[in-house]
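Participant: I have a structure I would like to understand better, so I am pasting it below and will then ask my questions one at a time.
The values are calculated or read from the model by the stated rules, or taken from the named source; none is laboratory data. Bear in mind that the values here come from a model prediction, so they are computed numbers and not experimental data. A quick note on method: Cβ atoms are made from the backbone with ideal geometry, for glycine too, and the neighbour counts reach across all protein chains shown.
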Amino acid sequence: MTARPARLFLTGVGLILFLCGSFFIWTLWASSGGLPAGSLAQVKRFPVASSKDSFSETFTVMTYNIGYLSGMSNNLPVRESRGFFLRNLKTVASLLQDVRPDFVGFQEIDFGAHRSYGMNQLDSLALQAAYPQAAVAVNWDKNYVPYPYWPPKVHFGRVLSGQAVLSRYPILSHERVVLPRPEDSPAYYDAFYLDRLAEVVTVDVGRPLVLINVHLEAYDTATRVRQVKALVRVCEKYVADFPLLLIGDFNSLPPSFDPRKLGSAEFEAAARRDSTIALLLAQTGLKDAFPDSFYTAHERETYTFSSAAPQVKIDYVFYNATKIEPVQWFVATGAGQASDHLPVVVRFKLKG
């Protein structure tokens, strides 16, 4: 090899190594987060009405995947305006003011993410709807998420998001439990992926009440089943001794749902393989707050997704019947398409 071609070759190799190294360094930075481990779970207090210190035998819980208030554009390659997010925030706050749940379990709520214009959605909702306390569990803390992939102007960018429980009653304890991750994801995908959590919150309603707020895997059935097995172990710590609520977005259909209603052979096959809810109920003894008789007679009234055209139920409130019983249940439609999900609301009565 003569001198000139050799120099060109070495220059090319050097350029490739430089680009690869730069990309590697960028990926390490982008997939890292800004919060120390000790800040991923915390209890916050807000300067509004103090926590309830008088107790009732009944209480109301809501579970709501608010999809970072992105409405039906959730995960689509579009960039909604700041005003769009503010309007959806006001809509959800109005729903909370109207329904007045004692506890609200949120999934996909942003704590200051670029995609939702840096708003702390939890703080805003707590203040507007007058909730004195919240338990926060971060499940997605990344410096830069390059998704949706194209065009770059719609990238999520800095993400700080997760799950939270608003409470009108005193919060006694809070734990962030990380559930199993997908095992077969490519390394670059896994580096930017969120954690799936079980957020365990104990509140004082005259006696300890345990709420477990979850958001299970959406894209891989085998992972979701492994997460449920881990979730069963969490529930076993509390189910015999405390009133227990297991709430959230389970990304799974009820065992009695007819998969043929999905209108797709691919979706039907996936639904038939999914044993998530059946496994959960069989191994914990928990019950769905929507009785089987109600589901049979009013199935469409139980659907939570999508808010634009509800076709399936994937959001749930489960409970242990030895300690509490549901006295009212419904899917709330008052917030419309502020999220792509609809919230589930259940009023419970304590036993004993």
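Participant: So, in segment 187-203, of the ones that are free of Cβ contacts under 8 Å to residues at least 40 places away in the same chain and in contact with a helix residue (DSSP H, G or I) (Cβ under 9 Å, 6 or more places away or on another chain), which residue ends up farthest from HIS215 (Cα to Cα)?
Facilitator: My answer is VAL200.
Participant: Within segment 112-130, does at least one residue satisfy the condition of being in contact with a His (Cβ under 9 Å, 6 or more places away or on another chain) and closer than 19 Å to THR63 by Cβ?
Facilitator: So far as segment 112-130 goes, no, none of its residues is in contact with a His (Cβ under 9 Å, 6 or more places away or on another chain) and closer than 19 Å to THR63 by Cβ.
Participant: Consider ALA289 against the criteria (1) in contact with a Gly (Cβ under 9 Å, 6 or more places away or on another chain); (2) crowded, with 16+ Cβ neighbours inside 10 Å; (3) aliphatic (A, V, I, L, M): it satisfies all of them except one. Which criterion is unmet?
Facilitator: (1)
Participant: Only residues that are exposed (fewer than 13 other Cβ atoms within 10 Å of the Cβ) and under 22 Å from the mean Cα position of the chain (by Cα): list them for segment 13-44, please.
Facilitator: Within segment 13-44, SER32, GLY34, LEU35, PRO36, ALA37, GLY38, SER39 qualify.
Participant: Name the residues in segment 209-250 that are touching a Lys or Arg at 6+ places or on another chain (Cβ under 7 Å), under 23 Å from LEU194 (Cα atoms) and surrounded by 21 or more Cβ atoms within 10 Å (Cβ to Cβ), would you?
Facilitator: HIS215, LEU216, GLU217, GLN227
Participant: From the list ASP274, ASP288, ASP292, ASP315, pick out the single residue that is within 21 Å of THR63 (Cβ to Cβ), in contact with a His (Cβ under 7 Å, 6 or more places away or on another chain) and not hydroxyl-bearing (Ser, Thr, Tyr).
Facilitator: ASP315
Participant: Could I ask something else about it? Working only within segment 328-341, note down all residues that are touching a residue at least 40 places away in the same chain (Cβ under 8 Å), under 19 Å from the mean Cα position of the chain (by Cα) and not in a strand (DSSP E or B).
Facilitator: Passing the criteria: ALA332, ALA335, GLY336, GLN337, ALA338, SER339, ASP340.
Participant: Tell me yes or no: at least one residue of segment 268-277 is within 27 Å of PHE330 (Cβ to Cβ), buried (at least 18 other Cβ atoms within 10 Å of the Cβ) and without any contact (Cβ under 8 Å) to a residue 24 or more places away in the chain.
Facilitator: yes
Participant: Right, next: Give segment 42-79 a look and list any residue that's more than 20 Å from LEU125 (Cβ to Cβ) and among the charged types (D, E, K, R), or say none.
Facilitator: Answer for segment 42-79, where residues must be more than 20 Å from LEU125 (Cβ to Cβ) and among the charged types (D, E, K, R): ASP53, GLU57, ARG79.
Participant: If we keep just the residues of segment 292-321 that are within 27 Å of VAL234 (Cα to Cα) and exposed (fewer than 15 other Cβ atoms within 10 Å of the Cβ), which is modelled with the highest pLDDT?
Facilitator: ALA321
Participant: Okay, moving on. Has segment 83-90 got any residue that is of a type outside the set (D, E, K, R) and either in a loop (DSSP other than H, G, I, E, B) or more than 30 Å from HIS155 (Cβ to Cβ) (or both)?
Facilitator: Scanning segment 83-90, I find no residue that is of a type outside the set (D, E, K, R) and either in a loop (DSSP other than H, G, I, E, B) or more than 30 Å from HIS155 (Cβ to Cβ) (or both), so the answer is no.
Participant: Next question, about the same structure. Do any helices (runs of 4 or more DSSP H) entirely within segment 243-327 hold 1 or more residues that are among the basic types (Lys, Arg), and if so, which?
Facilitator: So the answer is 265-273.
Participant: Taking only segment 127-155 into account, find how many residues are on the phi < 0 side of the Ramachandran plot and more than 17 Å from the chain's Cα centre (by Cα).
Facilitator: Matching residues across segment 127-155 total 19.
Participant: Can you pull out every residue in segment 158-190 that is surrounded by fewer than 18 Cβ atoms within 10 Å (Cβ to Cβ) and in contact with a strand residue (DSSP E or B) (Cβ under 9 Å, 6 or more places away or on another chain)?
Facilitator: Those that are surrounded by fewer than 18 Cβ atoms within 10 Å (Cβ to Cβ) and in contact with a strand residue (DSSP E or B) (Cβ under 9 Å, 6 or more places away or on another chain): PRO170, LEU172, SER173, GLU175, VAL178.
Participant: Quick one: which residue in GLN97, GLN107 is buried (at least 17 other Cβ atoms within 10 Å of the Cβ) and within 21 Å of GLN133 (Cα to Cα)?
Facilitator: GLN107
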